[in-house]
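The values are calculated or read from the model by the stated rules, or taken from the named source; none is laboratory data. What you see is a predicted model, and the numbers here were worked out from it, not measured in a lab. Every residue, glycine as well, gets a Cβ built from its backbone with ideal geometry; the counts of neighbours run over all protein chains shown. For accessibility, only protein heavy atoms count, side chains too; no ligands or nucleic acids. Shrake-Rupley method; radii C 1.70, N 1.55, O 1.52, S 1.80 Å.
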Amino acid sequence: PNLVKAKTALHYGLEYLELADSSGRILLNSDLPHGRGYGSSTADIGATLFALGHASERALQPAEVAHLALRVEPTDGSLFPGWVLWDHRGGQICEDLGAPPMLSVIVLDPGGKVDTIAYNQQAHEPILRTLVSQHREAFTLLQEGIKHGDAATIGAAATLSAVAHQAILPNPLLETALRLIRDTRAAGVCRAHSGTILGLLIDPHDTDISDACALARQLCPETVNIYGLSVIGGGPRQLTSKTE
């Protein structure tokens, strides 16, 4: 009952599929904290809509789910397979950028929370206009990095974007993360644009993720939770349990 966004998305999905409300239930299991930038709302909304399509035997495509999700709130591109350039507010742009190369990420989670509803109601356009050249450069680097599978170029793009976004939502942990690039041999820094978390992008061919995590723990404040993950593309994944 407290997952209002997922519940709202469910009703939009039922309407879109021309189905009446029923006595069905959706059970959401997620350990993603809200308000830190993990994309938890998009995950809840997307899982709800993909599950609805599966249950009704009218499989919803990622583009359909994304546009339904936009009726609830601005939505990130993790609903699409691979990496995409996606207009997270209006859905007018959706460009497939390809699959991510082999990358790891050291998550730096300082806790805290950003009220994404209030954040998305703010007028960021004037500041964004001043950042056009930085964002254009970052996107060009990202395209090149994905095309050639070059972790260093992808890392440079992410770092440029992370630094530029300080003008909109300052993250006090970013300076520490930038210093960690050299010490951990990271390719760059990525960040949540409406949250508190950051990540060190690591080329697993060059750097052992466990050693890099250990070093990051030494250099970060004790209040920062640190762990390593693999970078993957987006899109739905249907899981089945053999015990059910």
Report summary line: Excluding ligands, DNA and RNA, the carbon-plus-sulfur percentage of the accessible area of the range 115-199 with a 1.4 Å probe reads 57 percent
Requested in this report: Under a 10 Å cutoff between Cα atoms, tell me which one of Pro172, Pro62, Pro126 has the largest fluctuation in the Gaussian network model of the chain.
Outcome: Pro126
Report summary line: Evaluated at 20 °C and 1.002 mPa s, the Stokes-Einstein D of the range 3-95 based on the Kirkwood radius over Cα pairs, in µm²/s, stands at 159 µm²/s
Report summary line: Mean projected area, convex hull of alpha-carbon positions in the chain, reported to one decimal in nm², is 14.7 nm²
Report summary line: Among Ala69, Phe80, Ile26, the residue whose Cα sits farthest towards the positive end of the charge dipole of the range 7-118 (+1 at Cβ of Lys and Arg, -1 at Cβ of Asp and Glu, taken about the Cα centre) is Ile26
Query raised in the report: What angle, in degrees between 0 and 90 and rounded to the nearest 10, separates the Cα long axis of helix 4-16 from the longest principal axis of the Cα atoms of the chain?
Result: 50 degrees
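If we sort 2-9, 69-76 on the protection proxy, mean other Cβ atoms within 10 Å, highest first, what's the order?
69-76, 2-9
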Report task. Can you check what the Kirkwood hydrodynamic radius comes to for the range 100-230, Cα pairs only, in Å to one decimal? Result -> 15.2 Å
Query raised in the report: Evaluated at 20 °C with a viscosity of 1.002 mPa s, what Stokes-Einstein diffusion coefficient in µm²/s does the range 63-156 have when Rh comes from the Kirkwood expression over alpha-carbon pairs?
Result: 139 µm²/s
Requested in this report: Report, to the nearest 10°, how far helix 151-164 tilts away from the longest principal axis of the Cα atoms in the chain, using its own Cα long axis and a range of 0 to 90°.
Outcome: 80 degrees
Query raised in the report: In Å², what does the accessible area per residue of the range 100-230 work out to with a 1.4 Å probe?
Result: 52 Å²
**Report entry** Computed magnitude of the charge dipole of the chain (debye, nearest 20; Cβ of K, R +1, Cβ of D, E -1)
**Finding:** 280 debye
